[in-house]
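Please treat every number below as a calculation from the coordinates, not as lab data. Model, not experiment: these values are computed from the prediction. Here Cβ is always computed from backbone atoms with ideal geometry, including for glycine, and neighbour counts include all displayed protein chains.
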Amino acid sequence: MAKLLVLIQGKGVAASRYRILQYIPYLEEHGLRCEVMEFPGTVKEYLRLYRILPLFESVFVQRKRFHFPFLMLFRSRAKRVVYDLDDAVMYKNTLADTPYSKTRQRRFANMVRQCDVVIAGNSFLKEKAQEYNSSVEVIPSSIPSEKYRLKDYSVRSDVVTIGWIGDHGSIHYLERMKDVFETIGRRYPGKVKLKIICDTFFDLEHLPVEKVQWSESGEVSHLQDIDIGVMPLIDDPWSWGKCGLKILQYFGVGVPAVCTPVGVNRDVVTDGITGYWAITEQEWVEKISRLIEDTQARQTMGIRGRQVLEQGYTREVNAPRILAALQPE
């Protein structure tokens with residue numbers, strides 16, 4: 001049985017769970033013995049990684065760009081390296097003064113050049129990786145269809161719930177929407193609330209905010225309680241690398257999404273069919289209002305979203321593709 005070393009950011013990190021950890025039972029059923037390690041943080045841990053690399057036929061590296069000296073040592077010991085990225089790691093994030101960084105670009109280029117295979121989460125990331133490596137395949141972020149069940153549409157509530165799920169690193173996108181939510185709250189007093197599933201929260205003056213501490217065990221049931229999912233972004237290079245996981249989670253439970261049409265969001269959400277695109281504040285208010293006022297449209301769009309999910313964004317669909325990329329030739 002071939003051995004695979006899986007290097008991840010952390011078992012509690014969403015990208016780690018959805019990009020590789022969920023596939024491990026399938027990989028082991030199909031002939032790969034997997035060992036999972038978080039990236040080393042001390043000299044001792046780096047030395048241990050250096051020692052054990054030759055024991056594995058392949059090494060999966062998630063997002064990390066090693067400093068050049070260690071990268072050369074790493075590559076000299078690893079038989080085969082598969083690099084996975086689902087973020088625009090060659091740029092700085094949206095909060096930076098400028099997205100451009102020569103250091104990030106150089107480290108990204110060095111890392112990609114030294115890999116045998118690159119798995120990109122979307123076509124934009126593939127294009128960037130192909131500048132340095134010809135062996136790049138797009139495998140989108142996916143969710144386990146059996147875990148995500150459709151919400152019970154027969155359960156009616158007098159309050160429509162707008163929902164957002166994410167981590168503290170991306171909640172600033174939602175905070176930029178405060179004026180939109182305040183307008184919604186004034187327009188529909190007592191009839192709408194915002195549900196934030198995260199570990200960081202904020203308050204609104206005119207719209208009630210339900211604050212839910214994220215947990216892996218509870219995320220699906222909390223998502224099933226929302227009626228409209230939102231994924232606001234900024235149109236910048238960092239956002240172009242986003243892989244739409246929030247939208248996939250909304251679709252998994254049959255909830256329509258209102259999103260900024262940036263990057264993969266344009267591919268996953270069809271405007272007016274599985275949700276809506278919105279750019280300006282006025283568009284956000286208008287599109288969310290349409291769904292607040294039309295219960296049947298929410299259900300119809302949500303079910304269509306689930307169908308989109310099942311066509312190409314489930315663990316079951318993409319597990320064989322992950323296996324093919326990781327198996328030694």
Problem set entry | Average projection area in nm² (convex hull over Cα atoms of region 233-306, one quarter of hull surface) | 4.3
Seminar exercise, completed: The exposure ranking of PHE39, PHE251, PHE60, fewest beta-carbon neighbours within 10 Å first, is PHE39, PHE60, PHE251
Exercise. Of all the Cα-Cα pairs you can form in region 160-312, what percent are over 28 Å apart?
Worked result: 9
For this session: Would you mind giving the average projected area, over all directions, of the Cα convex hull of the chain in nm² with one decimal?
Result: 16.7
Exercise. Can you give the charge dipole size of region 137-180 about its Cα centre, rounded to the nearest 20 debye, using +1 on the beta carbon of Lys and Arg and -1 on the beta carbon of Asp and Glu?
Worked result: 140
For this session: Counting only C-alpha contacts under 8 Å and six or more residues apart, can you give the relative contact order of region 160-312 as a whole percent?
Result: 22
For this session: Return the single residue from GLY31, GLY229, GLY241 with maximal mean-square fluctuation; model: Gaussian network over the chain, springs between Cα atoms under 10 Å.
Result: GLY31
Seminar exercise, completed: For ARG80, other-chain or 5+-apart residues with amide H closer than 5 Å (H placed, Pro excluded) are VAL59
Exercise. Expressed in nm to one decimal, what extension gain is obtained for the pair LYS191 and ASP235 from 0.36 nm per residue of sequence separation less their Cα-Cα distance?
Worked result: 12.7 nm
For this session: Let me have the relative contact order for the chain, percent, based on Cα pairs under 8 Å that are six or more residues apart.
Result: 17
Problem set entry | Violating pairs (Cα-Cα greater than 24 angstrom) within the set LYS147/LYS246; LYS79/LYS246; LYS128/LYS195; LYS151/LYS246; LYS64/LYS126; LYS126/LYS242 | LYS79/LYS246; LYS128/LYS195
Exercise. Applying 1/(1 + (r/R0)^6) with R0 = 30 Å to the Cβ-Cβ distance of ASP87 and ASP294, what FRET efficiency is obtained, to the nearest 0.05?
Worked result: 0.30
Exercise. When only DSSP loop residues count, what trypsin sites (Lys or Arg not before Pro) in region 60-164 have their Cβ near at most 15 other Cβ atoms within 10 Å?
Worked result: LYS79, LYS147, ARG149, ARG156
Exercise. Tally Lys/Arg at +1 and Asp/Glu at -1 over every other residue whose Cβ is under 12 Å from the Cβ of LEU95; what's the total?
Worked result: -1
Problem set entry | Debye intensity ratio in log₁₀ form over the Cα atoms of region 1-154, taken at each q of 0.12, 0.16, 0.17 Å⁻¹ | -0.55, -0.95, -1.06
Exercise. Can you put LEU27, LEU223 in order, fewest other beta carbons within 10 Å first?
Worked result: LEU27, LEU223
Seminar exercise, completed: Nearest-0.05 FRET efficiency for VAL317 and VAL36 at R0 = 25 Å, using Cβ-Cβ distance, is 0.65
